[in-house]
Amino acid sequence: MKRPSITFWRRLVQVSCFAFFVYGGWLAAVALSGRATRTSGAEAESAIPRESLVWTQGSLPVIDAYPPSAVCRFTAKGKAVSGCIIALLSESLTMASSARVVLPYLLVFTCASFLVGRWWCGWVCPLSALGDLFSAVRRWLGRDFTRFTAGWRRNLRGGAYGLLGATLVISWLIRPERYKSTWQCWFFLPFCQVCPARLACPLVAAAPPTTWGAFGHPVQSFFTIAGWATLGLFGAAFVTARRLWCHVCPIGLVTSWFNRGSPLELVKEPTRCNRCGACADACPMGLTHVRDEKGHTVLNNAECILCLRCLELCPRDDCLALKFARVPLTKSHFKVPGRPQPLAAKEQKEKSE
Amino acid sequence: MAARTLIEVEAPATGGKYLATGTVELAPGVVTDLKQFRIVSPSDEPGGQVVPFAVLSEVRWPDGSLMAVQLAFPVTAKDVAERRYWLESAAGGPPEQYTGPRDLPVLRFRLSESSEPVEVHLDMDVGQLMVRIDQHPELYYYWYLIPIAGILGLLIWRKVHLQ
């Protein structure tokens, strides 16, 4: 029997996480029906204690957990989890949130990021799952994708630092005690205003955002136009160049700080590599270090999203492996159409014995 | 209603018999029947002497329990000089019904804010709520910094020592 590929499992995890993050709130509402019944406001009455993790926000229960990749807080309905680390940092800087609010969430984020690094980006992030859908459309249309050089990728990463820095500085500058005029409040959550998730996540959740056509104030109008423009760029980035957006995503940037040093490691055995370049061709982030690396055996770097396409397509037995705390989880296997794979041959041998 | 509440009566200038009247206000659900309390004169210590009282009027909460009761009980000049009566929780049994004359001079009584808990004749649930005011509750959450720092330290150590 043919073993499901890594891509199959990745797609399964992506779809499951997307459904949980974006639509899971509906399931929670059904499960908690009769217990969380009021339909307005974060202070809504509920049988669930306010001190617990789940409470009614808007019309449905939502968990604010701030894992490395979650769905946008602007998704009004359906979501089960609302937790973007950029929104947390931005809001906390502006509102001077207390340690009681910030530190538990930072601990959740730190633990999750340390355990699996940017694996979240490749397997869990609902926004990149949408992007992969755009990429599938490109493949269906038979169009080739644009390849970016290492220099371009460095510039994009610099852009991500710029976005993150600008977000944090603006968030700090507009804190309430510094209010001099009302226009400052339009800059609240500055990155969220232009993040494609603010419009994309509510749209796919069948809950159109209320701010998608807000033109009441010049600053608001600017952000409305900028939000739609960014969403267009986001789609174009996946249609033309695979995971181009993931190079400038500030959430991915923060998570990438944990990528090298995480116990989840992509490991290469240099003596088994024939430098065929299959890994470099397959990498959706356009990375070539898996092919080029000769000395170091751990391949985690800031840009790798651990999608494991390289491991899946590597034609050399045990050349690449995914390990957690040095324990192998999966390895590359020699695959040629029509020829039994080593593992399949082993299983056949065991059966015959 | 506390288990035992002091009733203060204004001292009259002259002696004789009087009718002390006043209103006892009650929280909802506490007292459903007048049998649940009685008035005691402590003139015959230690147990005191039950004083018969009359109910002039009563108002009830929506749940049927008493909201306010206007009471009247007879006092003598000697008792009033002591000014010490107690409104007590009763263990049960019919209260002493005052059937004497009601055309006596009226004295106003009021319930003192000071009350004295008693162990005997306690026929209602009594609990204590300990409230501690913490001026810096946020400090406890800084303990979260320890595991965060530990994880970041481990991350840096692994980055440095990674092959």
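The values are calculated or read from the model by the stated rules, or taken from the named source; none is laboratory data. These figures come from a predicted structure and were not determined experimentally. Note that each Cβ is placed from the backbone with ideal geometry, even for glycine, and that neighbours are counted across all protein chains shown.
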Please work out which residue is nearest to the other protein chains (Cβ to nearest Cβ), limiting yourself to region A:253-283 and to residues that are of a type in the set (A, V, I, L, M) and more than 22 Å from residue A:125 (Cβ to Cβ). A:267
Just checking, does region A:288-311 include any residue being β-branched (Val, Ile, Thr), in a loop (DSSP other than H, G, I, E, B) and buried (at least 17 other Cβ atoms within 10 Å of the Cβ)? yes
How many residues does region B:39-72 hold that are modelled with pLDDT under 80, surrounded by 14 or more Cβ atoms within 10 Å (Cβ to Cβ) and either under 18 Å from residue B:21 (Cβ atoms) or out of contact with any Ser or Thr (no Cβ under 9 Å at 6 or more places or on another chain) (or both)? 3
In region A:1-119, which helices (runs of 4 or more DSSP H) lie fully inside it and hold 1 or more residues that are modelled with pLDDT under 65 and more than 29 Å from residue B:156 (Cβ to Cβ)? A:24-31
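Given the criterion of a type outside the set (A, V, I, L, M, F, W, C), over 30 Å from residue B:147 (Cβ atoms) and surrounded by 15 or more Cβ atoms within 10 Å (Cβ to Cβ), identify the matching residue among A:143, A:153.
Values: A:143 fails: surrounded by 15 or more Cβ atoms within 10 Å (Cβ to Cβ).
Step by step, each of A:143, A:153 is checked, and only A:153 is of a type outside the set (A, V, I, L, M, F, W, C), over 30 Å from residue B:147 (Cβ atoms) and surrounded by 15 or more Cβ atoms within 10 Å (Cβ to Cβ).
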Scanning region A:96-132 for residues that are without any contact (Cβ under 8 Å) to a residue 40 or more places away in the chain and more than 8 Å from every other protein chain (Cβ to nearest Cβ), which turns out surrounded by the most Cβ atoms within 10 Å (Cβ to Cβ)? A:102
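Quick one: in region A:113-140, which of the residues that are in contact with a Gly (Cβ under 7 Å, 6 or more places away or on another chain) and of a type outside the set (D, E, K, R) is farthest from residue A:308 (Cα to Cα)?
Only one residue tops the list, namely A:134.
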How about region A:284-304: which of its residues are within 14 Å of chain B (Cβ to nearest Cβ) and acidic (Asp, Glu)? A:293
If residue A:308 passes every condition in (1) away from every other protein chain (no Cβ under 14 Å); (2) at pLDDT below 90; (3) touching a Gly at 6+ places or on another chain (Cβ under 8 Å) but one, which one does it miss? (2)
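Across region B:96-120, what is the total count of residues that are at pLDDT below 65, in contact with a Leu (Cβ under 8 Å, 6 or more places away or on another chain) and assigned to a loop (DSSP other than H, G, I, E, B)?
1
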